[in-house]
Amino acid sequence: MGEVAWSAIHARVHRRLKISPLLPRGATVLAAVSGGQDSVCLLRLLVDLRPKWGWSLRVVHCDHQWRADSAANAEFVRQLCQDWGIPCRVVTAEADYPTEAAARQWRYRVFAEVATQERCTQVATGHTASDRAETLLYNLLRGSGTDGLQALARQRPLMPGSAVSVVRPLLDLTRQQTGEFCRQFELPIWPDATNEDTRYARNRIRLELLPYLQKHFNPGAELTLANTAELLTAEVELLETMAGELYEVAVSSPSTDTEAWKIQRPPLRAAPLALQRRVLRRVLRQVTVAQVGFDHIEKLVTLLTAPNGSQSDPFPGGAIAVVEGDCVVVRGIAP
């Protein structure tokens, strides 16, 4: 690739990596590359910054087989990696994943498998501030608490309990900036027609809602929303730590299938409402068979101050919560 050209974006990402320990010096990094502008920008930055950080780079490309050109797309990524001297793994879906959520779950399973095989400690994705803003709006409109609104943390475990992290080094850049970077360095990009398909909610947010907000409310809406997500990420981390400590004090989980969950009312009553809700949500996520919603959590919150003998109507899966003295007892959990 010749001598590395240096740009303001190189400097910005390099500076971010010195502030945030996303990609430690000498790490073995797996980059997820679709072939679009964001992931190509990411890969080029990793290649260019590698001499300063000593990383060992690998690439994974997931072929969902959704489009007629998906095999050609995969070959494009494979050739790009060959040109840049980076080992590349292409994984093709063996099943049909009809929704965005199902496809994402499959991709992350692939990332975990390849990262383990290649002994990678980080999986880098090309998510940008634009993706962060869109995800915040998407979750807000669906109905979400602060956990959903924090939207794309810079770093988190790839899977629950995993030692491999997913990291997002480009969250300070907008999609417009990654496009300018690719044009500046004449990087090849594979166009994805599905990005223009307004049948997908996220595409409507990107193509219709965000431009409307930028035109009529705030030209810098993308970065403003992304910064809001950044603030919420730190606050959620603090609340989760505090809720975990309260959970240990207040909740007794059953040791057998026939026993009930017991929630001590006094320590929860003494805690702020935000922590009450977080602790009770943790319990409900383990005892119900459906998505835990706001109304489910509020039913349990009400029982913290309800008279003895009060009970909830059934939660999804059949569990019922009953006030027994200083405890809320959750029984009748479906197997």
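The values are calculated or read from the model by the stated rules, or taken from the named source; none is laboratory data. Quantities reported herein were computed from a predicted structural model and do not represent experimental measurements. All Cβ positions, glycine included, derive from the backbone under ideal geometry; neighbour counts span all protein chains shown. These area figures cover heavy atoms from the full protein model, side chains too; ligands, DNA and RNA do not enter into them. Shrake-Rupley method; radii C 1.70, N 1.55, O 1.52, S 1.80 Å.
Odds and ends about this structure:
- Among the candidates THR198, THR194, residue that is β-branched (Val, Ile, Thr), open to solvent by 30 Å² or more (accessible area, probe 1.4 Å), in a loop (DSSP other than H, G, I, E, B) and modelled with pLDDT under 95: THR198
- Members of the stretch 127-164 that are surrounded by fewer than 22 Cβ atoms within 10 Å (Cβ to Cβ), not hydrophobic (A, V, I, L, M, F, W, C) and not in a helix (DSSP H, G or I): GLY143, SER144, GLY145, ARG154, GLN155, ARG156, PRO157, PRO160, GLY161, SER162
- When residues of the stretch 108-126 are limited to those that are open to solvent by 70 Å² or more (accessible area, probe 1.4 Å) and charged (D, E, K, R), the one nearest to the chain's Cα centre (by Cα): ARG109
- Taking every residue in the stretch 276-292 that is without any contact (Cβ under 8 Å) to a residue 12 or more places away in the chain and pairing it with any residue that is open to solvent by less than 20 Å² (accessible area, probe 1.4 Å), at least 6 positions away or on another chain, the pairs with Cβ-Cβ distances below 7 Å are VAL292/LEU284.
- Against the conditions (1) basic (Lys, Arg); (2) modelled with pLDDT under 95; (3) surrounded by fewer than 17 Cβ atoms within 10 Å (Cβ to Cβ), ARG281 satisfies every one except (3).
- Residues (open to solvent by 60 Å² or more (accessible area, probe 1.4 Å), part of a loop (DSSP other than H, G, I, E, B) and free of Cβ contacts under 8 Å to residues at least 60 places away in the same chain) located in the stretch 165-190: GLU186
- Cβ-Cβ under 8 Å pairs, at least 6 apart or on other chains, the stretch 221-242 side open to solvent by 70 Å² or more (accessible area, probe 1.4 Å), far side among the β-branched types (Val, Ile, Thr) and in a helix (DSSP H, G or I): GLU235/THR146
- Remark: pairs (first residue in the stretch 100-114, under 8 Å from CYS62 (Cβ atoms) and assigned to a helix (DSSP H, G or I); second residue open to solvent by 30 Å² or more (accessible area, probe 1.4 Å) and modelled with pLDDT of 90 or more; Cβ separation under 8 Å; 6+ apart in sequence or on different chains) = VAL110/VAL91.
- Failed item in (1) modelled with pLDDT under 95; (2) touching a Cys at 6+ places or on another chain (Cβ under 9 Å), with GLU100 passing the rest: (2)
- Qualifying residue in the stretch 303-316 (condition: crowded, with 19+ Cβ neighbours inside 10 Å, polar (S, T, N, Q) and touching a residue at least 24 places away in the same chain (Cβ under 8 Å)): no
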